[in-house]
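The values are calculated or read from the model by the stated rules, or taken from the named source; none is laboratory data. Quantities reported herein were computed from a predicted structural model and do not represent experimental measurements. Cβ placement follows ideal geometry from the backbone for every residue including glycine, while neighbour counts extend to all protein chains displayed. For the accessible areas, the whole protein counts, side chains as well, though only heavy atoms, and no ligand, DNA or RNA atoms are used. Shrake-Rupley method; radii C 1.70, N 1.55, O 1.52, S 1.80 Å.
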Amino acid sequence: MNPGAPVGIEDLCLLANTLAEHGLYEKAVQIYESACRLYPGNLALKINLGRVRSLQHHSLESPKDFLPAPKIEQPTTDLWANRYQGLGEIFLKNGRRDEAREIFELSKASNPSFYLPFLNLGRLYLDSGEFERAIAELEQARRFNPFNEEVCSLLGAVRFQNRDYRDALTMYVDALILSGEISKPASRSPYRTKIRECADKISGFSAKMRNDLIRDRRNRINARYEEFEQELRKSASVSSPQRETPTENPSIPASSQVMDAAKEADERKRTLEMVARLKRHLIFRNMDDEAVFKVARFTSDMRFLQGDFIFQESEPIYGLYLINRGKVEIQKSTPFGPIIYATFEKGEFFGDDNLLSGRKRFTCALAVHETDVLFIDKAGLATIFVREKAIAIHFLWYFWKSLSFQIREANDRMTSFFAGSSENAKREILAATVSSPGRPTHVEIDKKLEVLQTKGLTARELGLLARFSNEEMYNHGEKIFREGELGDRLYIVLDGSVLISKQIPGVGEEALALLKKGDFFGEMALVGQHHRSADAKAQEQGTTVLVVTRDALREILAIDTDSAYQFLTILCRILSQRLLEMNEKIYQWRMMSGGF
């Protein structure tokens, strides 16, 4: 397995170079040293390591050393820390524990107060039997996020393995309270079983002592919630003008003012509880607490019984769904039975495919088991996106990755319609020829801007794209790229047309999309999906495409939040449309094949 497949070297370089530019040479050196261990044969990393070490050595000779060091914006460090978490989790799933450990350490370097890398390292050390190291990491995670159920659960497990039964009992009680399962029947709570196991190991530990402990821990957690609420109020008072208190308005009866205050307090408590629950989901783990609080105001609970529809085909788009418990299938009914397009389970989200487009649902969502979800209202989310571009970018980044994976799965599903020797045939197709780069050409910047205006880009984004891109020309029938090739760039059609297709064993070439002037393609290669999932070839003589590399795109997204928001929104809309077209194609194939 190629260690470069799940993580791009440019990610490591970008983070290290950003730190070096801000004078944080020691951290930059640490990242390059870790990267060199991950990629021992990469000469560029070694050269960069030497360059940063040299900058570190001579840094005192620079006039910049006598000026205040500029601060790195917190949202940027949060974003990189979260990206490294995803990469580390990929390594763990592939059984590459040492590499995962390195990535989690990089995440800690990019944001030392982010709890998630400590949690992942604690889990890793627990699995390998390194209990003391696991405890150290998990305690740090708990310090940064005292409301995380999983941290407490893992601390309970490692304390139990270490035979610290009293501490294990306390951690399992905290996990029980944070999970909300304390109000559920005992038979449905796994933490109650853990609590009984710990209590049995403690000599003379009575039921009364256990109940007193639960009461005490609940009071402690509630006190921390109140502290958190006060901090949020302080933050809100800084960013928004003070409102008049109810008592300052003599026209409102005092009893109504008291009722309104009680109602506000209940709503605040509900929102804070929702914040803690949202933070259990990956999409919110590195989001600032105040930002999560804003989303929590538009979030509600929903429960669906087995066989219930969460949404139906042709319904309007109401919002985004995050699964707390259960399993959901995205389906479409046919006379031959349903087509299952995707499956989502605990910790995953769905409903993003049409969220930005406004189209009605092409598919339905069915609860396979009894399922609990958190529902984020579309209108509320749209309001936040307008006011809080940093929050919007955070969501759009996850939507982009999610839609890319769904498209990749849809591509694989198309091939699965045709069994037999499909893999052998695919290898033969890929081995037959390899696409060659197009001929470099030149397109006047005015023509570039004219084409790109059709996608709704502002003058600023248009200029950025034009400046950070180059052009290539292809004649009719020439391949721009082939399925299975490595890819690191997206393309925009400037002139002519491009056919996106797949070679289906036993059937031949199947067209997926015909792209015209202004259309994007190849964008999945920019989110870590390095292998092309389909063919792209020119359909007209002199077809010209604008080429944007991964490095250039990163520069565009890093320039300012408005540019990043606009560009990510466009990409997500394009991916959403592409996914719909592919799902429609799968449906047509099912109907034409008589349910095959």
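A few notes on this one:
- The set of residues from the stretch 338-373 being within 17 Å of Asp308 (Cα to Cα), open to solvent by less than 50 Å² (accessible area, probe 1.4 Å), part of a loop (DSSP other than H, G, I, E, B) and out of contact with any Leu (no Cβ under 6 Å at 6 or more places or on another chain) comprises Arg361, Thr363, Val368.
- Residue pairs whose Cβ atoms lie under 7 Å apart, separated by 6 or more positions or on different chains, with the first residue in the stretch 570-585 and on the phi < 0 side of the Ramachandran plot and the second among the β-branched types (Val, Ile, Thr) and surrounded by 21 or more Cβ atoms within 10 Å (Cβ to Cβ), are Leu575/Ile407; Arg578/Ile407; Leu579/Ile407; Met582/Ile407; Asn583/Thr363.
- Conditions (1) open to solvent by 10 Å² or more (accessible area, probe 1.4 Å); (2) closer than 30 Å to Gln503 by Cβ; (3) not hydroxyl-bearing (Ser, Thr, Tyr); number of the one not met by Asn411: (1)
- Residues in the stretch 201-230 that are open to solvent by 70 Å² or more (accessible area, probe 1.4 Å) and touching a Phe, Trp or Tyr at 6+ places or on another chain (Cβ under 7 Å): Lys201 only.
- The residue list Arg243, Arg233, Arg268 contains one member that is within 30 Å of Trp397 (Cβ to Cβ), modelled with pLDDT under 80 and exposed (fewer than 12 other Cβ atoms within 10 Å of the Cβ), which is Arg233.
- Odd one out for His476 among (1) modelled with pLDDT under 80; (2) open to solvent by 20 Å² or more (accessible area, probe 1.4 Å): (1)
- Only one of Ala536, Ala511 that is open to solvent by less than 10 Å² (accessible area, probe 1.4 Å), farther than 28 Å from Glu89 by Cβ and modelled with pLDDT of 80 or more: Ala536
- From Leu320, Leu381, Leu366, Leu374, residue being among the aliphatic types (A, V, I, L, M) and modelled with pLDDT under 90: Leu381
- Restricting the stretch 331-378 to residues that are of a type in the set (S, T, N, Q) and out of contact with any helix residue (DSSP H, G or I) (no Cβ under 8 Å at 6 or more places or on another chain), the residue that is farthest from Gly319 (Cα to Cα) is Ser333.
- Restricting attention to the stretch 514-531, the residues that are in a strand (DSSP E or B), farther than 18 Å from Ile586 by Cα and at pLDDT 85 or above total 1.
- For beta carbons closer than 8 Å, sequence separation of 6+ or different chains, a first residue in the stretch 160-180 that is at pLDDT 90 or above and a second that is part of a loop (DSSP other than H, G, I, E, B) and open to solvent by less than 30 Å² (accessible area, probe 1.4 Å), the qualifying pairs are Tyr165/Ile202; Arg166/Ile202; Leu169/Ile202.
- Residue match in the stretch 421-431 (condition: over 28 Å from Phe521 (Cα atoms) and either at pLDDT below 60 or touching a Leu at 6+ places or on another chain (Cβ under 9 Å) (or both)): yes
- Of the residues Gln588, Gln577, Gln566, the single one that is in a helix (DSSP H, G or I) and at pLDDT below 80 is Gln566.
- Scanning the stretch 271-329 for residues that are open to solvent by 60 Å² or more (accessible area, probe 1.4 Å) and among the aliphatic types (A, V, I, L, M) returns Met302, Leu305.
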